[in-house]
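Peer 1: Encoded as structure tokens, here's the structure I'll be asking about.
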Amino acid sequence: MKHRIAITAMMTSAALALTACGSEDVENTPVDDIDEIVDADNNQTADDAYPVGDTLDEDQQARFDAMDRQAVSDEYDTNRDAMNDEMDSNEGAMGSDTMAGGASEDGSSGTGGDGMTGGSGGESMMPRSQMDFAYLDRNDDGQLSVAEYAIWALPTDPSEPEPNDAKAPYLTQSQINEAGETFFYFDEDGDSYLSQAEFQAARNSARTP
């Protein structure tokens, strides 16, 4: 009888120990869920995730129709040229550092410490996932124009200059319209600019095609 009681007590202790372990796993579950949520948020701003809007209402459509597409194209070209010049300067500085300090173990310089991608011919650009509001606000006026917003919102890559040094506009009319449609959708106050909060809403809508 005593032996049976002892066995029962041991089994009860083992069950309690297993229950305790199970409780620890349950307690860790919310942390795992939080990590998954964070990963999901990060994925929304990945380099291949683009804003998703909806059908424009009457007022939004009117502002979209009135958009000066040539002005957007010109401003976009100016901004991209400036950004490419910045990248060329950064790559030049990194090249000097590489020559002074030597190449990496695999013999290549890779990407810079600022996360910018390599390339040539003016095609290098900061990864879209790292483009924040301050970076896109090229004139530092605290708001984004359609052209500034389009830098992040469109999957574009500048083409090489033509042999005669003539360069076509970076954006097609179709791309300008694509940027404009989501821009005016997220322009909640209708001032034809995006505030930081409105731009964040566009980022939060981003989905991978």
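Any read-out appearing in this document is the output of simple, stated calculations on the displayed coordinates, not a laboratory observation. Values in this document were obtained by computation on a predicted structure and should not be read as measured data. No Cβ is skipped: glycine too gets one built from the backbone with ideal geometry, and neighbour counts run over all protein chains shown.
Peer 1: If you stretched the chain out fully between Arg63 and Asp47, how much longer would it get, using 0.36 nm times the residue separation minus the C-alpha to C-alpha distance?
Peer 2: Between Arg63 and Asp47, full extension yields 2.9 nm more.
Peer 1: Calculated FRET efficiency, Asp88 and Glu188, Cβ-Cβ r, R0 41 Å, to nearest 0.05?
Peer 2: About 0.65, to the nearest 0.05.
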